[in-house]
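Structure first, commentary second.
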Amino acid sequence: MSNLSSLSFYIPELIIIIAILLVIVLDVIPVCKKYTFPLSLGAILLASVFLWQSYGESHGLFMGMISIDPFSHFFKMIFLLSTFSIILISRYEKQLDSNYSAEYNALLLIVLLGMFLMSSSINLIMIYLSIELVSIPSYILAGMLKNDKESNEASLKYVIFGSFASGLMLFGLSILYGITGSTDIGVVTAALQAIEYPLSIYFPLILILVGFGYKISMVPFHFWTPDVYEGAPTPITAFLSVAPKAAGFAILIRVFYTMFTLEGSVSATLPLTNINWPTLIAVASAVTMTLGNLLAVQQEDVKRLLAYSTISHVGFMLMAFAIISPDAVRAIMLYLFIYLFMNLSAFYMAIFASNKLNAHHINDWDGLSRKNPVLCAFMALTLISLTGLPPTAGFVGKFYIFAELFKHQQFYWLAVVAILNSVVSLYYYFKIIKSMYLVDVEGEVNKIEAHPVVNWSIILFSAQNILFFIYWEPLIGFIEKSINLWSG
Amino acid sequence: MYQDFLPIIIFIVLAAVLIGVPLGLQHLLSPRKNKGGDKLISYECGELPEGSAWVKFNIRFYVIALVFLIFDVEIVFLFPWAVVFQDLGLLAFIEAFIFVLILLVGYVYVWAKGDLDWVKMNVRYGKGRYANLQSKGETS
């Protein structure tokens with residue numbers, strides 16, 4: 001589709017672009033400075049309305065640069081929801097300097113735009129550009145606390161790691177272009193089918209996996225995760241642990257299912273001839289979750305603990321990615337959706353604790369249940385969900401992944417590793433619950449109330465854990481409709 | 001198909017030879033006794049170096065360079081556009097206009113935030129350990 005006629009299918013992105021520019025301009029006009037916050041939220045709401053209306057459409061836009069399809073729409077809804085919630089809650093985070101709130105919101109909107117492009121790009125150049133558009137504002141956001149040493153460290157480590165990983169990925173993309181002669185992934189797919197030397201495909205495949213693996217913090221490209229998550233402002237940590245990871249999975253699924261499978265579509269069931277990348281992913285998945293869990297056990301800082309826990313969750317999602325089938329994609333998407341709620345509510349609780357109690361260490365959470373019993377009950381629910389125990393949505397997500405794994409019958413050893421890991425994760429999640437409920441604090445305990453927005457964000461996001469356990473039928477139906485990639 | 005990569009192999013071999021041969025030659029020919037002294041001074045086209053090269057540059061150079069770079073790249077993009085401008089018509093004009101407009105927003109932002117001023121009139125030092133510092137421009 002030509003550039004001009006593409007624009008009518010590109011309205012959500014255009015709204016975000018205009019909002020970014022307006023936020024930057026309004027920030028420098030002293031009278032209008034206070035409007036940047038409602039403007040950012042309003043733009044996201046407006047974009048979601050337009051996105052919802054265009055759900056189900058499937059087109060290739062801008063002469064084969066990006067595509068809109070139900071698959072990308074599903075991920076865009078995740079991005080909009082998480083960005084909206086993060087912008088809202090950041091206003092009530094004490095750490096952040098309110099003088100920079102306009103820049104902060106503008107950067108979050110730029111990341112949102114980048115993630116939109118990431119979930120829908122179908123051209124090698126566009127893939128690289130969209131990943132950079134997500135990464136570069138994230139580096140700045142991680143260092144948003146200008147006078148905080150750890151925040152600066154987080155930013156710098158993120159930059160060095162990010163640029164190295166994207167350099168390697170760019171190298172992989174260039175080799176792919178070299179052996180196929182096109183940047184359009186449809187053409188690349190067709191050309192790759194004809195190549196019989198596996199070595200020349202393995203090389204770009206692994207290099208591309210480095211770039212994507214860094215975005216979703218897959219071991220061994222996870223080293224930035226704990227330091228960045230610990231140093232960055234907590235809302236940004238929450239954001240980075242959910243939205244860019246979802247975008248990373250979106251692009252991973254799109255690229256690998258179209259380029260490196262025999263059928264070249266999301267309904268694929270076999271990898272490219274002679275290219276055994278599912279085993280590669282399976283090993284990476286086992287290492288990712290084991291390392292994430294084992295290191296999380298030793299952590300005493302809540303944010304760092306949650307950082308390692310997100311690594312182990314990525315391992316779980318990769319487990320389903322090792323099985324090539326549409327049902328596995330469905331399991332990943334379901335898990336991502338549930339993971340969004342449980343992870344955000346856990347991090348919001350960390351925001352509450354650091355705002356009111358200046359608590360970063362697990363020991364600082366001692367006896368929190370007596371100070372705010374309602375929020376602690378919901379936090380306990382979230383933690384049970386993160387572990388994946390029954391009366392929660394985390395169990396549903398894990399159940400679907402394990403079901404796919406057993407149905408496929410290839411990676412039984414991976415299932416054993418995963419079950420052992422679930423047991424390990426029980427220990428460190430319950431360490432927080434133990435600290436909240438079982439450790440007694442001496443003396444008078446004052447009740448602590450969270451700000452209503454923070455309070456209701458935690459409760460709403462946490463309550464989904466019980467909702468999707470009881471009633472996930474429409475969700476899985478919606479996801480099934482969404483597994484539909486645009487192709488040529 | 002692997003034969004297509006032959007030029008690359010030749011390049012790799014050539015690169016190794018071109019570095020290896022001079023290094024080996026100077027290893028063979030160079031006198032071994034004269035070490036230290038003037039030999040260790042960094043070569044500045046015959047001039048004796050003054051002071052250390054490890055000095056701190058003012059961070060203002062960095063900001064100006066960054067802003068300059070953005071508009072430099074803009075020009076790089078506009079040159080090819082200008083060459084084929086007449087064939088592309090009105091649509092390309094509007095597209096380039098939007099492109100320049102977006103960059104202009106960045107320019108306005110940088111200007112209004114005072115990043116183009118060499119002497120900063122109002123600097124905020126935030127909450128942390130610089131909270132008690134005051135910039136020289138501030139009168140209060």
Tally of residues being in contact with a Ser or Thr (Cβ under 8 Å, 6 or more places away or on another chain) and closer than 11 Å to A:Q95 by Cβ across the range A:136-151: 2
Counted residues, the range A:171-197 - those being more than 12 Å from chain B (Cβ to nearest Cβ), surrounded by fewer than 20 Cβ atoms within 10 Å (Cβ to Cβ) and within 16 Å of A:N276 (Cα to Cα): 1
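Tell me which residues, restricted to the range A:1-13, are surrounded by 14 or more Cβ atoms within 10 Å (Cβ to Cβ), more than 10 Å from every other protein chain (Cβ to nearest Cβ) and either part of a helix (DSSP H, G or I) or at pLDDT 95 or above (or both). Talk me through it step by step, then tell me what you get.
Filtering the range A:1-13 for residues surrounded by 14 or more Cβ atoms within 10 Å (Cβ to Cβ) gives A:1, A:3, A:6-7, A:9-13.
Next, only the ones that are more than 10 Å from every other protein chain (Cβ to nearest Cβ) stay: A:1, A:6-7, A:9-13.
Across the range A:1-13, the qualifying residues are A:S6, A:L7, A:F9, A:I11, A:P12, A:E13.
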Which numbered condition A:N446 fails, given (1) modelled with pLDDT of 85 or more; (2) closer than 21 Å to A:K94 by Cβ: (1)
Output for the range B:81-110, where each listed residue is free of Cβ contacts under 8 Å to residues at least 12 places away in the same chain and among the small types (G, A, S): B:A82, B:G89, B:A92
Search result, residues across the range A:91-109 that are within 14 Å of chain B (Cβ to nearest Cβ) and within 16 Å of the chain's Cα centre (by Cα): A:L109
Failed item, numbered, when A:S48 is tested on (1) farther than 30 Å from A:H360 by Cβ; (2) under 17 Å from the mean Cα position of the chain (by Cα): (2)
Which listed residue is away from every other protein chain (no Cβ under 14 Å) and within 23 Å of A:I236 (Cα to Cα), from A:I66, A:I44: A:I44
Every residue from the range A:436-454 that is buried (at least 17 other Cβ atoms within 10 Å of the Cβ) and touching a Leu at 6+ places or on another chain (Cβ under 7 Å): A:M436, A:A450
Leading residue by the ranking (farthest from the chain's Cα centre (by Cα)) among those in the range A:115-129 that are surrounded by fewer than 24 Cβ atoms within 10 Å (Cβ to Cβ), in contact (Cβ under 8 Å) with a residue 60 or more places away in the chain and closer than 17 Å to A:I17 by Cβ: A:M126
Candidate set from the range A:369-387 (those that are at pLDDT 90 or above and of a type in the set (G, A, S)); member that is farthest from A:F469 (Cα to Cα): A:A377
Enumeration of residues in the range A:160-202 that are under 26 Å from A:S135 (Cβ atoms) and of a type in the set (D, E, K, R): A:D184
Single residue of A:S54, A:S40 found to be under 22 Å from A:E480 (Cα atoms) and within 25 Å of the chain's Cα centre (by Cα): A:S54
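Residues that are assigned to a loop (DSSP other than H, G, I, E, B) and crowded, with 22+ Cβ neighbours inside 10 Å: does the range A:96-112 have at least one? First the steps, then the outcome.
We begin by selecting, within the range A:96-112, every residue assigned to a loop (DSSP other than H, G, I, E, B); these are A:96-97.
This time we only want the ones that are crowded, with 22+ Cβ neighbours inside 10 Å, so: none.
Taking every residue of the range A:96-112 in turn, none turns out to be assigned to a loop (DSSP other than H, G, I, E, B) and crowded, with 22+ Cβ neighbours inside 10 Å.
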Candidate set from the range B:118-138 (those that are surrounded by 12 or more Cβ atoms within 10 Å (Cβ to Cβ) and either modelled with pLDDT of 80 or more or within 11 Å of another protein chain (Cβ to nearest Cβ) (or both)); member that is farthest from A:I110 (Cα to Cα): B:Y130
A:F79 at pLDDT 95 or above, in contact with a helix residue (DSSP H, G or I) (Cβ under 9 Å, 6 or more places away or on another chain) and of a type outside the set (A, V, I, L, M): yes
Residue, nearest to B:L104 (Cα to Cα), within the range B:60-88, restricted to residues that are surrounded by 10 or more Cβ atoms within 10 Å (Cβ to Cβ) and among the acidic types (D, E): B:E74
Among (1) within 24 Å of A:K245 (Cα to Cα); (2) assigned to a helix (DSSP H, G or I); (3) in contact with a helix residue (DSSP H, G or I) (Cβ under 8 Å, 6 or more places away or on another chain) - the single one A:V23 does not satisfy: (1)
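I'm checking my understanding of the structure. Among residues of the range B:82-96 that are part of a helix (DSSP H, G or I) and more than 14 Å from chain A (Cβ to nearest Cβ), which one is nearest to A:S2 (Cα to Cα)? Spell out how you get there, then give the answer.
Just the residues of the range B:82-96 that are part of a helix (DSSP H, G or I), to begin with: B:82-83, B:85-88, B:90-96.
Next, from what is left, pick out any that are more than 14 Å from chain A (Cβ to nearest Cβ): B:82-83, B:85-87.
Details: B:A82: 21, B:V83: 22, B:F85: 18, B:Q86: 19, B:D87: 17 Å.
It comes out as B:D87.
Could you tell me whether A:S2 is touching a residue at least 60 places away in the same chain (Cβ under 8 Å) and among the small types (G, A, S)? First the steps, then the outcome.
Details: touching a residue at least 60 places away in the same chain (Cβ under 8 Å): yes; among the small types (G, A, S): yes.
It is true that A:S2 is touching a residue at least 60 places away in the same chain (Cβ under 8 Å) and among the small types (G, A, S).
Could you list, in sequence order, the residues of the range A:23-41 that are within 14 Å of chain B (Cβ to nearest Cβ), surrounded by 14 or more Cβ atoms within 10 Å (Cβ to Cβ) and out of contact with any Cys (no Cβ under 9 Å at 6 or more places or on another chain)?
Passing the criteria: A:V23, A:I24, A:D27, A:V28, A:C32, A:K33, A:T36.
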Selected residue [touching a residue at least 60 places away in the same chain (Cβ under 8 Å) and either β-branched (V, I, T) or out of contact with any Cys (no Cβ under 7 Å at 6 or more places or on another chain) (or both)] from A:I185, A:I140: A:I185
Filter result for A:L45 (in a helix (DSSP H, G or I) and under 20 Å from A:S90 (Cβ atoms)): yes
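The values are calculated or read from the model by the stated rules, or taken from the named source; none is laboratory data. No experiment lies behind these values; they were computed from the predicted model shown. Note that each Cβ is placed from the backbone with ideal geometry, even for glycine, and that neighbours are counted across all protein chains shown.
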